[in-house]
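This report concerns only the one structure given below.
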Amino acid sequence: MRQFSGKSALLFPGLLIAFCHLCAAGQAGEKPKEQTVVKPAAEQSNVVARIGDCVITREELEKRLLMELGPNDYEDYSEKAEPVDAETVLMKIIAEKAMAMDAREKGYLKDGMTETLVERYRQRRLVNLLLQKSLQDKLTVTDSEIEEKMKADPKLDRAKAEALLKNTKMRILFEQYYRQIYEKFHVKKVSDNFPKAVEIHQRLLLHPKTPRKMDFIRNSQISDELTPEERDMVLATYDHGKVTLKDWFETLCESAPPSRPRDLNTVEGVERFLERTLSMPLLVSEAELVGLDKDENLLKQVREYEDSRLLSQAKLTKYKEVEEPTAEQITAYFNKNKKVFGTPDIVKIDQIWCKDLQTARKVKAELDSGKDFESVRQEYSLEKQSRAFNTAPGSEGIFWEDLWKGDPNEIIGPIKGFYRDGVKWRIVKILERNPGAVKEYSSDMEDRVKQRMVDEQRNALLEKYSKELLEKYPYEIYADRIKDINPLDIP
């Protein structure tokens, strides 16, 4: 039987990329997430609520509150944002935790696809943790190595030379480490099954039971078109485990179709891809052997991922109760809400983003004294290349009213605005104000009106469901810890 070739690490690029990201975080002086010290819940003074065995922290609430306040993704969305507060958003988070708990009790985690996704997530996190703890401290580059690299390629500055050297060492470290694990677990390939694997691959690829438009094997075929015997067919064994044809196909389906191997119609191609399939289970086995599967932060991450999947399933289940609106209902709804489906109010603006309120006041004073807008922007703005653009209520969220009050050619501020993932002060020049207009109904509006009606029904169902669950699952809110929360209260 053919032994490990020494190239398996390169055949599973995702693992190497994950290691590179971990090392990059370390190089930048950041603390990798897996190293974060998580206090027991009882010791967390920043806990603002509890439901079941779940806790909600102040940081989680503040982040979600800012998301709820933020703009939506639709530039032409005409509705103005409604104000929200910490308690309202906290209750929404608690209700979502309750939905996840209810879905867990109903056994949604045992759904085939959900179970697979959760396990894959756990494996990736576990392998990341293993690579971090085993290899990151070994990644070092000396000053002399950097100088030598720069001499060999004068176009490189110090930072680029160091990065190239570390990337090369990452690969070497990974391959050496993986070789040790590969040999340690005594991998044995069951080559007698390779021809059958070729045959099954060609069947699923060329003769699917359900016709499809795209010429590649899909996840659904693994469960629907493989017999139990085919799924369990062993392609390789190792200490503490085995790799089956199902594992092989699942790894294949994780790859985007354009990057899938073209030689899987050959025994050699099946064996080469088997090397790639082996990487994850071998590294997972090593991580479990040294006890990393008990890591508290890892367990927390997996639980959070489970909850996110469960919440999605709980919502999708409720959404199935929504009734499809009729053509008459769609028309009637439009006639009652014409303004919503018209063109939005539009303001054309130019702006200067400031690092703090003091800077914003200074910028406004200089502009009021007659200084040129562009020159002031170049001196103070966080965004030197910004230019005038049209904005609408949906893009500005709760800050829209501040802009709509301005008159053309007026410079207003300091006012707040959503800047990247947070809120910053800005000075805004109002260039144009264009009120929206009501439209008459036409057939091309049907999908938009219908979607809004469906969304309203979904929200009503979830609100009713939330009330039922909050009566079923006891929860506790620490009101004194949220009374001062205001993510818009920036310096």
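The values are calculated or read from the model by the stated rules, or taken from the named source; none is laboratory data. Fair warning: this is a prediction, and the values are worked out from it, not measured in the lab. Neighbour counts are summed over all protein chains in view; Cβ atoms, including those assigned to glycine, are modelled from backbone coordinates with ideal geometry.
Do you know which residues across segment 172-197 are farther than 29 Å from THR227 by Cβ and either outside the structural domain of THR266 (by TED's automatic domain parsing) or among the acidic types (Asp, Glu) (or both)?
Listed by number, the residues that qualify are GLU175, GLU183.
Would you check if LEU206 is surrounded by 16 or more Cβ atoms within 10 Å (Cβ to Cβ) and among the aliphatic types (A, V, I, L, M)?
Against the criterion (surrounded by 16 or more Cβ atoms within 10 Å (Cβ to Cβ) and among the aliphatic types (A, V, I, L, M)), LEU206 does not qualify.
When segment 359-373 is examined, which residues are found to be farther than 17 Å from GLY417 by Cβ and in contact with a strand residue (DSSP E or B) (Cβ under 9 Å, 6 or more places away or on another chain)? Steps first, please.
Going residue by residue through segment 359-373, those that are farther than 17 Å from GLY417 by Cβ are 362, 365-366, 368-372.
Correct list: LYS362, ASP368.
Cβ-Cβ under 6 Å, sequence separation 6+ or interchain: first residue in segment 103-129 and more than 18 Å from ARG231 (Cβ to Cβ) and in the same structural domain as GLY291 (by TED's automatic domain parsing), partner of a type in the set (Asp, Glu) and modelled with pLDDT under 95. Which pairs?
Hits for this filter: LEU129/GLU34.
When you look at GLU147, is it out of contact with any Leu (no Cβ under 8 Å at 6 or more places or on another chain), part of a helix (DSSP H, G or I) and either basic (Lys, Arg) or under 14 Å from LEU282 (Cα atoms) (or both), yes or no?
Spelling it out, it is not the case that GLU147 is out of contact with any Leu (no Cβ under 8 Å at 6 or more places or on another chain), part of a helix (DSSP H, G or I) and either basic (Lys, Arg) or under 14 Å from LEU282 (Cα atoms) (or both).
State whether one or more residues within segment 141-152 are hydrophobic (A, V, I, L, M, F, W, C), within 24 Å of ARG260 (Cβ to Cβ) and in the same structural domain as ARG262 (by TED's automatic domain parsing). I'd like the intermediate steps shown before the answer.
First, the residues of segment 141-152 that are hydrophobic (A, V, I, L, M, F, W, C): 141, 146, 150, 152.
Remaining after also requiring within 24 Å of ARG260 (Cβ to Cβ): none.
No; the residues of segment 141-152 include none that is hydrophobic (A, V, I, L, M, F, W, C), within 24 Å of ARG260 (Cβ to Cβ) and in the same structural domain as ARG262 (by TED's automatic domain parsing).
Restricting attention to segment 388-405, does a residue exist that is over 18 Å from LYS355 (Cα atoms), among the aromatic types (Phe, Trp, Tyr) and touching a residue at least 60 places away in the same chain (Cβ under 8 Å)?
yes
Provide a single number: the residues in segment 69-91 that are modelled with pLDDT of 80 or more and either assigned to a loop (DSSP other than H, G, I, E, B) or of a type in the set (Val, Ile, Thr) (or both). Working first, answer last.
Filtering segment 69-91 down to residues modelled with pLDDT of 80 or more leaves 69, 84-91.
Cutting the leftovers down to either assigned to a loop (DSSP other than H, G, I, E, B) or of a type in the set (Val, Ile, Thr) (or both) gives us 84-85, 88-89.
Adding up the residues that qualify gives 4.
Residues in segment 317-326: is at least one over 37 Å from the mean Cα position of the chain (by Cα), closer than 30 Å to GLN451 by Cβ and not assigned by TED's automatic domain parsing to the domain that holds ASP85?
Looking through segment 317-326, none of the residues is over 37 Å from the mean Cα position of the chain (by Cα), closer than 30 Å to GLN451 by Cβ and not assigned by TED's automatic domain parsing to the domain that holds ASP85.
From (1) in contact (Cβ under 8 Å) with a residue 12 or more places away in the chain; (2) assigned to a helix (DSSP H, G or I); (3) not acidic (Asp, Glu), pick out the condition that doesn't hold for VAL141.
Answer for VAL141: the failing condition is (2).
Of all the residues that make up segment 196-243, how many are acidic (Asp, Glu), at pLDDT 95 or above and touching a helix residue (DSSP H, G or I) at 6+ places or on another chain (Cβ under 8 Å)?
Going through segment 196-243 one residue at a time, the tally reaches 4.
Across segment 297-326, what is the total count of residues that are part of a helix (DSSP H, G or I) and either of a type in the set (Ser, Thr, Tyr) or without any contact (Cβ under 8 Å) to a residue 40 or more places away in the chain (or both)?
Result for segment 297-326: 9.
Any idea how many residues of segment 182-200 are in a helix (DSSP H, G or I) and free of Cβ contacts under 8 Å to residues at least 60 places away in the same chain? First the steps, then the outcome.
So the first thing to find is which residues in segment 182-200 are in a helix (DSSP H, G or I), and the list is 182-184, 191-200.
Narrowing the set further to residues that are free of Cβ contacts under 8 Å to residues at least 60 places away in the same chain leaves 192-193, 196, 199-200.
Count: 5.
I need every pair where a residue in segment 157-181 that is small (Gly, Ala, Ser) has its Cβ under 8 Å from the Cβ of a residue that is assigned to a helix (DSSP H, G or I), sequence separation at least 6 or different chains.
ALA161/ILE146; ALA161/LYS149; ALA161/MET150
Please pick out the residue among ASP239, ASP215, ASP263 that is of a type outside the set (Phe, Trp, Tyr) and either under 31 Å from the mean Cα position of the chain (by Cα) or not assigned by TED's automatic domain parsing to the domain that holds CYS54 (or both).
Matching residue, one of ASP239, ASP215, ASP263: ASP215.
Among the numbered conditions (1) surrounded by 15 or more Cβ atoms within 10 Å (Cβ to Cβ); (2) at pLDDT 95 or above, tell me where GLU410 comes up short.
Single failed check for GLU410: (1).
Give the residues of segment 156-171 that are acidic (Asp, Glu) and exposed (fewer than 15 other Cβ atoms within 10 Å of the Cβ), sorted by residue number. Step through it out loud before you land on a result.
Start the filter on segment 156-171 by keeping residues that are acidic (Asp, Glu), which leaves 157, 162.
Across segment 156-171, the qualifying residue is only ASP157.
Can you confirm whether segment 256-263 contains a residue that is touching a residue at least 24 places away in the same chain (Cβ under 8 Å), over 25 Å from GLY112 (Cα atoms) and not in a loop (DSSP other than H, G, I, E, B)?
Among the residues of segment 256-263, not one is touching a residue at least 24 places away in the same chain (Cβ under 8 Å), over 25 Å from GLY112 (Cα atoms) and not in a loop (DSSP other than H, G, I, E, B), which makes the answer no.
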